[in-house]
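The numbers here are math on the coordinates, done by the rules we state, and not lab data. What you see is a predicted model, and the numbers here were worked out from it, not measured in a lab. A quick note on method: Cβ atoms are made from the backbone with ideal geometry, for glycine too, and the neighbour counts reach across all protein chains shown.
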């Protein structure tokens, strides 16, 4: 990966974090909002390490809708990999609760940390996934780079991008490569979505129209 853009991204993210994280911590303490997820997202709490000789799939779904949409894929993978370990991460607390309810057989349930390199590196090294699957999208460069550095295959399922986002990213040719250039395979919802991903610079050979898996 290009070192300079990554350093610039991490520096900018750190500046934003210095401003935003104290407020989020205050909100969590005062109102209870984010109280469960905040310690995981800032790396104060980490998922337990995985110790297995079987394949490890890390499935990331932002919230409830993405989690439910990914259930058929997750259950099929578990059936096909009886010795495999499934890790499910979410961003929202409602998504996390849905994952706990609907996928109790997962080896780990966790929150995806904020995309600070030193945090995601610790989490990824504990899980050491063979494959990372993103449901619909939610591209966090440091997370993807760290997983890729350990040899993980990166896949998007149920991929989609809005017309507005496609127009914006197409105006900046390096945007798609920076955000999702580590991804190996995009399984997208429709021909329309394929056209949008093509427009923002994703290679056609990496795109597959599969509908919702």
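Observations on the model:
- Fraction of alpha-carbon pairs over 24 Å apart in the range 110-213 - percent: 23
- Put simply, when 144-152, 165-173 are sorted by average Cβ atoms within 10 angstrom per residue, most first, you get 144-152, 165-173.
- Gap separating the Cα centres of the range 100-152 and the range 157-213, nearest whole Å: 20
- Over the chain: helical MRE at 222 nm, DSSP H runs n ≥ 4 each giving -39500 (n - 2.57), nearest 500: -15000 deg cm²/dmol
- Mean separation of Cα contacts under 8 Å (6+ apart) over length of the range 54-209, as relative contact order %: 20
- Relative exposure of 109, 51, judged by other C-beta atoms within 10 Å (fewest first): 51, 109
- Rg/Rh (Cα only; Kirkwood hydrodynamic radius) as it applies to the chain: 0.95
- Tail fraction, Cα-Cα pairs, the range 34-116, threshold 14 Å, whole percent: 60
- Fraction of beta bridges assigned by DSSP in the chain that are antiparallel (%, nearest 5): 0
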